[in-house]
Structures are given as structure tokens and as C-alpha cells.
Amino acid sequence: MTSIWTEPDNTPVALLLLGRGTDPASERGVDCPGDLPAPSDPGLVERAKAAKEALGDRVFVLGHHYQRDEVIQFADVTGDSFKLAQQAAARPDAEFIVFCGVHFMAESADILTTPEQKVILPDLAAGCSMADMAVLGQVETAWEHFQDLGITDQIVPVTYMNSSADIKGFVGRNSGVVCTSSNAKRALDWSFEQGSKVFFLPDQHLGRNTAVLEMGFELDDCVLYDPHKPHGGLTDQQLRDAKMILWRGHCSVHGRFTLDSVREVRERVPGVNVLVHPECRHDVVRAADYVGSTEYIIKALDAAPAGSAWAVGTELNLVRRMALAHPDKEIMFLDRAVCYCSTMNRIDLPHLVWALEELVAGRVPNQITVDPTTAHEARVALDQMLALP
Ligand code: 13P
Ligand code: SF4
């Protein structure tokens, strides 16, 4: 069987999702301090190759699975956020870590590398809307309320990797742990050995999906803490009874998949396997056949028999790459609408070339640094994750 990949249209919506024409004030900063090469420059691939060669072992390029093909071809290692954190920690000899991913990943890499190493994010506008949904002041307000209720002794804070360094610092100083989509169950198992409640930040869906679908909790064991409402919009009794206090955050990319997307593809493609990321909504994950991190998704598709059909609910660059790599399998996007992660897509070949050439010229562009106190506290929570059984 030959599957034919159809590129979604360049509609205004698609371009908006790709990050063009978005509101500059809503991002971490859209100005690139140097002269970016033109995207149309036919020599970009050669320039990237030459700059990487000139830097040799001094540079190590990490690429998240959601990165564009034009960038991923230059990654020394590709991976999900867990593997990339491990890889950053395992490269003490590389002077520069160029992180082709988003801001929170580069922060974690800075925390996990030595003080001499420099972590570079080729475009500072590559943030994450989910990470921005948990702000330290809001989280501290919630914690103070839990303290007033006298329940903090029972609570273990757990933050998804997709959070800022200061949220990881909060979790570290309160004896919690970081998790990723590939180890959330292990992190929760560990947490429930330390206490009887978890305060899960910032992705409500990963928290709920893991607790209910992998650990046997009831939906009623979970409550949703809305930082924009007094006391999270919850009564004292609800907070006392809850096993999982979920922060009201989500991924705007994975939030686009609906139960209707699953029903529609099952009707259209009989026998299709539905494979989704755990950042998807609970009803979508429940209706899917398989759920897992980006690394899991890749392994499942690599191992799938020829002729099988797969509808995949995760970011489009990855699904597209898998469809092209496996023409003998029918791999399609779970929803018909384009679904790039606009901030991941900020890192393009011109930004990568610019960052590498700056390094060759002896300048360090877009360095990501976390202040030492935050880094120390966040490292406690990251090390706890890396030590999970
Ligand atoms: P993983 O890489 O952990 O699967 O997470 C996906 C994601 O959304 C990264 O931002
Ligand atoms: Fe953030 Fe979602 Fe993009 Fe991942 S896919 S970086 S969680 S917005």
C-alpha cells in the first residue's frame, strides 16, 4: 500500500499557526538581534554544514521531534523532552548546546549542564503557551491557600517538563519531582509513596490521563484548580478530598483534537489505529487505541506492520515525517485542520544558520541562563526525575 501525504493548504490560519503574523507582544520576544539570512537563500544548507563542521565537537545540536525537517537534519540527537534532557546532561564536553526546541527545554538543558557550557536557543520567540499558563506568583498563591488549609504535608508537587525553570524550582524546594510524558506514571507512583495528594502542574490533561487511565484513580479523585478564580474555584472540602489537584493548563496544539476527530477517522478508515499524545483531552485519549510520548509514537509507527493504518494525534511535523518515512503504512493526521506548534516552528533554517555562524565568529547568541538559586532548586526536582526507577 502506498500512502500519499497531502500538505495542508497555506491558508491564513495555517500561516498563523506557523507563527507568521502573530502578536509580537504575546511572545517572549520576536526580535533577532543579528542579520538573519533570507529564507530563500539557496546556500543555507551548505552554510549550516560549514558552520557545524567549523565548530566540530565544540557544538552539540539537540532537536525535538516537533522541529521542521530543515532543522532536524542538523540535529546530532533527536528525541522527546525526556531524552533531550538526558542527552544535554550527558554531553559535558560540548562547549555549546544548540537547542532546537522551545524555551523551557533550553532552560532545563542549562540547569543540567556544567556552568562552563552555554545553551543557545536559535530563536528566543520559541516559547510554549502551556508553560506560560503557570506563573510562579499564581502557584505560590495556591500553595499558601493549601498551607492555610493545613494540607501541604500531604501534597507532593509534580510539574511537567513543559514549565518554566521557576516552577521547577518551586517543585524542587517543596520536595517534588519533574515528569515528562514518557515517565508521568513513574513520577506519580513515586509521589504517592511520599504523600497522599499530588499538585500537578501545568498540564491538566497529562495529569488526569495518567491518574485515571494508568493508575486506576476515578475522575472524581481529580479537581481542577483555576488560577484565575479565588481559591482556584474550589471549596475547602474539595481540596481536602482530592487526590489529584490539577492545574488548569493545556497544550493549545493537542487541545485541537476532539472526540469528533476520532469518530470521523474511524468511520472514514475502517480498522484504523488511533495513536495520540497524552497532552490530548481525556475523552480523546479514552477513545484512542494507543497513547504515548513522541518517542513512543515513533517506536509504535516504526514497529507497525506494512499495510496498517494509523491516525496520529500529535504535532504535524512529526506525523508528516513519519508518513513520508513509511510509505508502506497509511499514516495520517488525526484531524483535518493543520496543527503545527507555532512556537516550535519559530526555529527555522535561517535562525539555525545565524546561531551557528555567530558561534563560529566567536559570539554567543541567544544564550539561555537560569539564575543559580532557581537552577539549584529546579535541579533537585530534575535529578529526582532522572533517578526515578
Ligand atoms: P514529549 O516530547 O515529552 O513527547 O512532549 C511533547 C511536547 O509537547 C513537547 O513540548
Ligand atoms: Fe508547548 Fe504544546 Fe508546543 Fe509542546 S506542542 S511546545 S506543549 S504548545
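In debye, nearest 20, what is the charge dipole magnitude of the stretch 122-208 about its Cα centre with +1 on Lys and Arg Cβ and -1 on Asp and Glu Cβ, if you could check? Rounded to the nearest 20 debye, it is 300 debye. Report note on the peptides 71-77, 317-323, 219-225, 361-367: ranked by the mean count of other C-beta atoms within 10 Å, highest first, their order is 317-323, 71-77, 219-225, 361-367.
For the listed residue pairs Lys168/Lys329; Lys49/Lys299; Lys118/Lys229; Lys49/Lys118; Lys168/Lys229; Lys52/Lys185, the alpha carbons are over 31 angstrom apart in Lys168/Lys329; Lys118/Lys229; Lys52/Lys185. Summary of the geometry: the stretch 81-138 and the stretch 289-324, compared by the centres of their Cα atoms, lie 25 Å apart. A simple packing score, the average count of other Cβ atoms within 10 Å per residue, orders the peptides 343-355, 287-299, 136-148 as 343-355, 287-299, 136-148, with the highest score first.
Using the Cβ atoms and a cut-off under 10 Å, what net charge is assigned to the surroundings of Val253, where Lys and Arg are +1 and Asp and Glu are -1? Neighbour charge sum, excluding Val253 itself: -1. Positive contributions from Lys and Arg (+1) and negative ones from Asp and Glu (-1), summed over other residues with Cβ under 10 Å from the Cβ of Val119, come out at -1.
Basic side chains Lys and Arg get +1 at the Cβ, acidic Asp and Glu get -1 at the Cβ, and with that the dipole of the stretch 276-389 about its Cα centre reaches some 180 debye. From its DSSP helices (H runs of at least four residues, each -39,500 (n - 2.57)), the chain gives a residue-normalised ellipticity at 222 nm of -11000 deg cm²/dmol. Could you tell me which of Val284, Pro389, Asn183 has its Cα farthest along the dipole of the chain towards the positive end, charges placed at Cβ (Lys, Arg +1; Asp, Glu -1), taken about the Cα centre? Result: Val284, furthest along the dipole toward the positive end.
DSSP bridge analysis restricted to the chain gives an antiparallel fraction near 5%, rounded to the nearest 5.
If you take all other residues with their beta carbon under 11 Å from the beta carbon of Asp110, and give Lys and Arg +1 and Asp and Glu -1, the sum is 0. Tell me which of His65, Ser163, Gln147 sits at the most positive position along the dipole axis of the chain, charges placed on C-beta atoms (Lys, Arg +1; Asp, Glu -1). Toward the positive end, the furthest listed residue is His65.
If you plug the beta carbon distance of Ala306 and Glu193 into 1/(1 + (r/R0)^6) with R0 = 45 Å, you get a FRET efficiency near 0.55.
Straightening the chain between Asp93 and Asp57 buys 12.2 nm, computed as 0.36 nm per residue apart minus the Cα-Cα spacing. Projecting the Cα atoms of Thr258, Ile245, Val212 onto the dipole axis of the stretch 190-277, where Lys and Arg carry +1 and Asp and Glu carry -1 at the beta carbon, places Thr258 farthest toward the positive end. In a simple Cβ point-charge model (Lys, Arg +1; Asp, Glu -1; nothing else charged), the chain has a dipole of about 500 debye relative to its Cα centre. The stretch between Arg186 and Arg286 holds 34.0 nm of extra length on full extension. This uses 0.36 nm per residue minus the Cα-Cα distance. Residues in the stretch 236-253, backbone N under 20 Å from the label point at Thr141 (7 Å along the Cα-to-beta-carbon vector): list them, ranges by number please. Residues 236-240, 245-250 fall inside that zone. With each label modelled as a point 7 angstrom along the Cα→C-beta vector, the Gln237-Ala50 pair spans 7.3 nm. With the simple spin-label model, which puts each label point 7 Å out from Cα in the Cβ direction, the Leu324 to Asp153 separation comes to 5.8 nm.
Readers should treat all values here as calculations from the given coordinates under stated rules, not as data from a laboratory. Everything numeric here is computed off the predicted structure, so don't read it as measured data. Every residue, glycine among them, receives a Cβ derived from its backbone with ideal geometry; neighbour counts consider all protein chains shown.
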